[in-house]
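Here the structure comes first, spelled out in C-alpha cells, and everything after it is commentary.
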Amino acid sequence: MRIVRDPSFVRDFTALPSAIQERAEKKLVLFLENPRHPSLRTKKMEGWDNIWEAHITKEYCFTFEIQGDLYKLRRIGTHEIYRSP
C-alpha cells in the first residue's frame, strides 16, 4: 500500500488541535498496518464514489480514496470539514 496526502489533508491536519494531531498520527500508523482495524470504524461514505472514512475520535475523522494500491488521504477534521469534496 502506498499513501499520498492531498494538499487539503495537509492543510486540515495542521489546523487541528495538537492533542488531536497526536491521536491522528497514532491512528494513521494503525491505518498503515491495517486500514480495516476495528478501532478505525472504516466504512464507505454514502453518496460518494470510492470515498471511505475512518475515525480518529468520536468527533474527528479522515477520508481517503483507494486507487489500486494507492490510498489518497483527502480530508481530516470534524464531520463538517471532512465531508466536503
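The values are calculated or read from the model by the stated rules, or taken from the named source; none is laboratory data. Treat the numbers as computed from the prediction; the structure is a model and nothing was measured. When we count neighbours, we look across all protein chains shown, and the Cβ atoms used for this are built from the backbone with ideal geometry, even at glycine.
Only one residue in Ile51, Ile66, Ile56, Ile20 is in contact with a helix residue (DSSP H, G or I) (Cβ under 8 Å, 6 or more places away or on another chain) and β-branched (Val, Ile, Thr), so which one is that? Working first, answer last.
Numbers: Ile51 fails: in contact with a helix residue (DSSP H, G or I) (Cβ under 8 Å, 6 or more places away or on another chain); Ile66 fails: in contact with a helix residue (DSSP H, G or I) (Cβ under 8 Å, 6 or more places away or on another chain); Ile20 fails: in contact with a helix residue (DSSP H, G or I) (Cβ under 8 Å, 6 or more places away or on another chain).
Selected residue: Ile56, the only one of Ile51, Ile66, Ile56, Ile20 that is in contact with a helix residue (DSSP H, G or I) (Cβ under 8 Å, 6 or more places away or on another chain) and β-branched (Val, Ile, Thr).
Can you tell me which of (1) assigned to a strand (DSSP E or B); (2) farther than 18 Å from Lys72 by Cα is the one Glu22 doesn't meet?
The failed condition is (1).
I need the full set of residues from the stretch 25-48 which are assigned to a helix (DSSP H, G or I), modelled with pLDDT under 95 and charged (D, E, K, R), in order please.
Matches in the stretch 25-48: Glu33 only.
Which of the residues belonging to the stretch 1-56 are more than 24 Å from Gly68 (Cβ to Cβ) and among the aliphatic types (A, V, I, L, M)?
Ala15, Leu16, Ala19, Ile20, Ala24, Ile56
Would you mind finding the one in Thr57, Thr78, Thr63 that is loosely packed, with under 13 Cβ neighbours inside 10 Å and hydroxyl-bearing (Ser, Thr, Tyr)? Let's see the steps before the verdict.
On the way: Thr78 fails: loosely packed, with under 13 Cβ neighbours inside 10 Å; Thr63 fails: loosely packed, with under 13 Cβ neighbours inside 10 Å.
None of the others qualify; the one that does is Thr57.
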